Structures are given as structure tokens and as C-alpha cells.
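Down below is the structure, laid out as C-alpha cells.
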Amino acid sequence: MPKMKTVRGAAKRFKSSKNKIKRGAAYRSHILTKKATKRMRGLKEAKTVDSRDVSAVKLMLGKK
């Protein structure tokens with residue numbers, strides 16, 4: 001049986017850490033001038049994938 005391919009879009013969006021899958025925040029790409037500095041600081045830090053989506057993301061990344 002052939003190897004399972006990684007979904008390349010998912011590989012660019014998610015990173016695996018030891019126990020969790022990290023993701024970036026939305027609303028960081030454009031129209032940044034009107035967004036508060038406090039809000040941007042909060043968006044800067046890495047978020048984790050919700051527990052309901054972990055199995056789907058792992059499947060896309062080619063992990064079990």
C-alpha cells in the first residue's frame with residue numbers, strides 16, 4: 001500500500017509540538033492600522049487546535 005501524503009495546505013498552517021498541535025490566529029494579515037496593539041499582541045501568540053479537531057488535523061499531517 002502506498003504511503004499517505006501530507007495535505008500541503010495543512011502542513012503550512014499547523015505545527016506539532018510535544019502534546020498539542022499549534023496554529024496561527026486569524027485576523028492578522030491586513031487592515032492592521034485600526035486594530036489595537038493589545039489585540040495584536042494577543043493574536044501574535046500561538047494557539048492550539050481544539051480537541052474536537054485534533055484527529056482530523058493529525059490525519060491531514062500524516063500522523064496517527
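The values are calculated or read from the model by the stated rules, or taken from the named source; none is laboratory data. Source: prediction; values computed, not measured. Counting neighbours? That spans all protein chains shown, and the Cβs are built from the backbone with ideal geometry, glycine included.
Restricting attention to region 22-64, which residues are among the aliphatic types (A, V, I, L, M) and touching a residue at least 24 places away in the same chain (Cβ under 8 Å)? Can you show your working first?
Looking only at region 22-64, we keep the residues that are among the aliphatic types (A, V, I, L, M), and these are 25-26, 31-32, 36, 40, 43, 46, 49, 54, 56-57, 59-61.
Result: 46, 49, 54, 57, 60, 61.
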Check your understanding: Quick check, is residue 15 in contact with a Ser or Thr (Cβ under 9 Å, 6 or more places away or on another chain), surrounded by 10 or more Cβ atoms within 10 Å (Cβ to Cβ) and not in a loop (DSSP other than H, G, I, E, B)?
Key -> no
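In region 18-54, which residue that is among the polar types (S, T, N, Q) and exposed (fewer than 11 other Cβ atoms within 10 Å of the Cβ) is modelled with the lowest pLDDT?
Here is the first cut: in region 18-54, the residues among the polar types (S, T, N, Q) are 19, 29, 33, 37, 48, 51.
Checking the rest, the ones that are also exposed (fewer than 11 other Cβ atoms within 10 Å of the Cβ) come to 19, 29, 33, 37, 51.
Working: 19: 88, 29: 93, 33: 96, 37: 97, 51: 95.
Among residues in region 18-54 that are among the polar types (S, T, N, Q) and exposed (fewer than 11 other Cβ atoms within 10 Å of the Cβ), the one modelled with the lowest pLDDT is 19.
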Review point. Which of the residues belonging to region 18-64 are basic (Lys, Arg) and not in a helix (DSSP H, G or I)?
Key: 18, 20, 22, 23, 28, 34, 35, 47, 52, 63, 64
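What number of residues in region 1-12 are in a loop (DSSP other than H, G, I, E, B) and aliphatic (A, V, I, L, M)?
Quick first cut of region 1-12, residues in a loop (DSSP other than H, G, I, E, B) only: 1-7.
In the following step, the residues that additionally are aliphatic (A, V, I, L, M) were identified as 1, 4, 7.
Of the residues in that region, 3 qualify.
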Exercise for review: Among the residues of region 1-41, write down those that are farther than 18 Å from residue 60 by Cβ and among the β-branched types (Val, Ile, Thr).
Suggested key: 31, 33, 37
